[in-house]
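**Student:** Pasting a structure here, questions to come.
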Amino acid sequence: MSILSAMKQTNFFSYKVFAGLILSLVVFGCSTNKLSTNEESYTYDSKIKSLNPKYVVYHQNDSVSYVYFEIQTKELLYVRENSTKPFEAKVQFHYELYSDFKANNLKDSATKILYDYKDEEGDRQILARVPIKIKLGEIGVLQLITRDVNKKVRDKSIITIDKKNVLSPQFFLIKEKESGSICFDNRVTVTNDLIVESHYNKNETFVMEYFNTNYPASKPPFSSNKLVEVPAYRDSSFLVSLTDTAGEFSLPKQGSYFMKALDSISYHLIFERLDTNFDAFRNHLGIIEPLKYICTSTEYNELVSSADKRKAVETFWLKIAGNKERAKVVIAEYYRRVELANRYFTTYKEGWKTDRGMLSIVMGLPKTIYKTRNGETWIYGTPHNMMMSLTFNFTKENEETFENDYQLTRYRTYREYWYRACESWRRGRIYTFN
């Protein structure tokens, strides 16, 4: 049995990706003066996290907004008091709404309990919504804590709230037409029809502009800072009209889709129609491309041009790992990081191609992440200790157009750390700085 076949049998290449609305979602803990990671390190990492809920915010009227959240039953612990009682999961959902990231002014908070009973249907998704109190014209920062009471684990997340601009993403709710399920992501790998709802934009018509894009992967962190990549020319466009509060559309071709009002110069919703290998690495080119970060140019070109790409990929990993058992471990971790980068960092291009994706794949995720309205700071090692830490700063770019685009501030001093990480992978060792 080949290495890649063995990995498929362990469901390594079987990730599910949802379609839908771009979600301004980052995952952090709380410190005394700002919202950040602290005791819960690696909070982007579902391998470390035992609970991975998804969230989306929708503003329905002037005084009430909703946080929709979805959680997988396979992540919950079901217990029962005795043999006569059903197996039951207990999920506690708590939110705190602040005026800004300093978390000094608490505007609203609430705690809700959700009970679910085990049935014979197998794994499924639990969907719920909780109202939050924020008035039209306000902005804020929402800290969410979802806890599996039985399992004694929790997830902390932060969402920036914008109820000021009625054309911002949180004034739109995206659903799959056939199932009616809410979309928690901006990535589309199928051509299913979608529905957009907006109570604040009744009977409005929007234009969806399509760009046939294929962006390159990020350059190493020590290279020159690059300009923000944006599509230059639209390939085509079509109209999306709301009848009362809802309208239908589909994204038939691979590329980027930007939706805006007819008289607007700014985009309101951004979607990515990605190749099917994005969520399952189903073709071998999808497996080869993320190797750009640790391959030489010659090695990468040989992989891409090889007649038998499966064999070429296996040969590459066996060469650097030394044996099949180690290769399986290294492969699993490398592509797990690719999948996480796609899940959290995708914007107008796949997450693994972005600056944050590049670092999270090659160097791993840091122990400490600070979030501000304008960017993120990643600290590897021991914070506040210059001799024992490494810091990367990301600035939110082109915010009017791209909700999740963070560009790394590059320095030549990163060269040594980058090559050290790449060399570790090339010796068949999983690299983590911490």
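No lab work stands behind these numbers, since they all come straight from the coordinates. What you are looking at is a predicted structure, and each value in this text was computed from that prediction instead of being measured. All Cβ positions, even for glycine, are placed from backbone atoms using ideal geometry, and neighbour counts span all protein chains on display.
**Student:** Between residue 177 and residue 373, what is the FRET efficiency for a Förster distance of 30 Å, r being their Cβ-Cβ separation, to the nearest 0.05? Walk me through the numbers before you get to the answer.
**Tutor:** Values: r = 35 Å, r/R0 = 1.16.
E between residue 177 and residue 373, to the nearest 0.05, is 0.30.
**Student:** Can I ask one more? Please report the net charge: other residues with Cβ closer than 13 Å to the Cβ of residue 109, K and R +1, D and E -1.
**Tutor:** Values: positive: 107, 112, 133; negative: 96, 108.
So the environment of residue 109 carries a net charge of +1.
**Student:** Roughly speaking, what is the stretch gain from residue 100 to residue 427, that is 0.36 nm per residue apart minus the C-alpha to C-alpha distance, in nm to one decimal?
**Tutor:** Values: separation 327, 0.36 × 327 = 117.72 nm, distance 4.49 nm.
Result for the pair: 113.2 nm of gain on full extension.
**Student:** Rounded to the nearest 0.05, what FRET efficiency do residue 264 and residue 223 have when you use their Cβ-Cβ distance and R0 = 41 Å?
**Tutor:** Result of the calculation: an efficiency of 0.75.
**Student:** Please give the contour-minus-distance gain from residue 235 to residue 118: 0.36 nm per residue of separation, less the Cα-Cα distance, rounded to one decimal in nm.
**Tutor:** 37.3 nm
**Student:** Work through the residues other than residue 205 whose Cβ is under 12 Å from its Cβ and net out their charges, Lys, Arg +1 and Asp, Glu -1.
**Tutor:** With Lys, Arg at +1 and Asp, Glu at -1, the neighbours total 0.
**Student:** Given 0.36 nm per residue, what is the gain on full extension from residue 152 to residue 304 after removing their alpha carbon distance, in nm?
**Tutor:** Roughly 50.1 nm would be gained on extension.
**Student:** Could you check the simple spin-label distance between residue 111 and residue 212, using points 7 Å along Cα→Cβ, in nm with one decimal?
**Tutor:** 5.6
**Student:** With a Förster radius of 51 Å, plug the Cβ-Cβ distance of residue 250 and residue 84 into 1/(1 + (r/R0)^6) and report the FRET value to the nearest 0.05.
**Tutor:** Efficiency, from the Cβ-Cβ distance: 0.55.
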